[in-house]
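These notes concern the structure reproduced below.
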Amino acid sequence: MVKIAPSILSADFSAMGEAIKKLERSGADLVHCDVMDGSFVGPITFGGQMVKNIRPLTRLPLDVHLMIEHPKTQIKFFAEAGADIITVHYEACAKISPTYLKETLELIKSYGIKCGAVVNPDTDVERIFDVFDICDMLLIMSVFPGYGGQKFIPTALDNVKKAREYAARIGKGDLDIEIDGGVNLKNAAEIRAAGANVLVAGSAVFGAEDMASAISALRG
Ligand code: DX5
Ligand code: ZN
């Protein structure tokens, strides 16, 4: 089943509560929360307090995408705030130690929530094959993280296909594969065909005249 995860990065931060309720009414499947630290990526967005405050406003799962250095130090805050799934970047972990990604994923699981690894468009998804067995979801970036509204990088679909094939090979054919960045009504069909089943969309959802129709069109 294809799921749509609108990114609240494209919402009006001064009216976040309303935005969350509107997403739920419009048929979103998850709420994608883009956490940026001003170091792993240039901008700063928000931390665990935002997740804590939106938690009571919706029954939708909160999908927290950590674009931060040293993610292990922050897991506790997001887990206790009510995240349902937390994803961490391979690139942030690999520069600390070869085992840091696995340790971080295990830490997330220790809170009884779902975990996932993320790769940037210029990272071969093979780099995270060794953690597929722990992951509930993989996140394939189709833009370089940091900003909403960027153009989709088509080579990201190679990572999606490779991930889908490898997941099937190890008996995890139903693993969630999420794609993030530049997803829109024009490229959604091709993205789904490549094997992604969770589509993040910021501008395509928040910029749409009719949010509910945009979400159902993205789902296909
Ligand atoms: C990029 C973020 C994305 C982004 C998606 O750093 O991780 O979630 O907000 O926005 P669009 O769909 O506008 O590319
Ligand atoms: Zn994201």
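The values are calculated or read from the model by the stated rules, or taken from the named source; none is laboratory data. Please read these numbers as outputs of a predicted model, since none were measured by experiment. Counting neighbours? That spans all protein chains shown, and the Cβs are built from the backbone with ideal geometry, glycine included. When the accessible area is computed, the model is the full protein with side chains, heavy atoms only, and any ligands, DNA or RNA have been set aside. Shrake-Rupley method; radii C 1.70, N 1.55, O 1.52, S 1.80 Å.
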Residues of the range 159-190 being open to solvent by less than 20 Å² (accessible area, probe 1.4 Å), over 23 Å from Ile134 (Cα atoms) and within 15 Å of the chain's Cα centre (by Cα), in sequence order, are Gly181, Val183
Counting only residues in the range 135-155 that are open to solvent by 50 Å² or more (accessible area, probe 1.4 Å) and under 11 Å from Asp122 (Cα atoms), the one nearest to ligand 1 (Cβ to nearest atom) is identified as Phe144
Within the range 1-44, of all residues that are in a loop (DSSP other than H, G, I, E, B) and in contact with a Pro (Cβ under 6 Å, 6 or more places away or on another chain), the one farthest from Val183 (Cα to Cα) is Val41
Taking first residues from the range 198-220 that are at negative phi and polar (S, T, N, Q) and second residues anywhere that are modelled with pLDDT of 95 or more and away from ligand 2 (no atom under 16 Å from the Cβ), the pairs with Cβ under 9 Å that are 6 or more apart or on different chains are Ser213/Ser26; Ser216/Ser26; Ser216/Gly27
Selection from the range 30-68 of residues more than 15 Å from ligand 1 (Cβ to nearest atom) and more than 15 Å from Met16 (Cα to Cα) yields Arg59, Pro61
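For (1) of a type outside the set (Val, Ile, Thr); (2) not in a loop (DSSP other than H, G, I, E, B), each residue gets a yes or a no:
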| residue | (1), (2) |
| --- | --- |
| Thr104 | no, yes |
| Ile108 | no, yes |
| Ala117 | yes, yes |
| Asp122 | yes, no |
| Ile128 | no, yes |
| Phe144 | yes, no |
| Tyr147 | yes, no |
| Gln150 | yes, no |
| Leu157 | yes, yes |
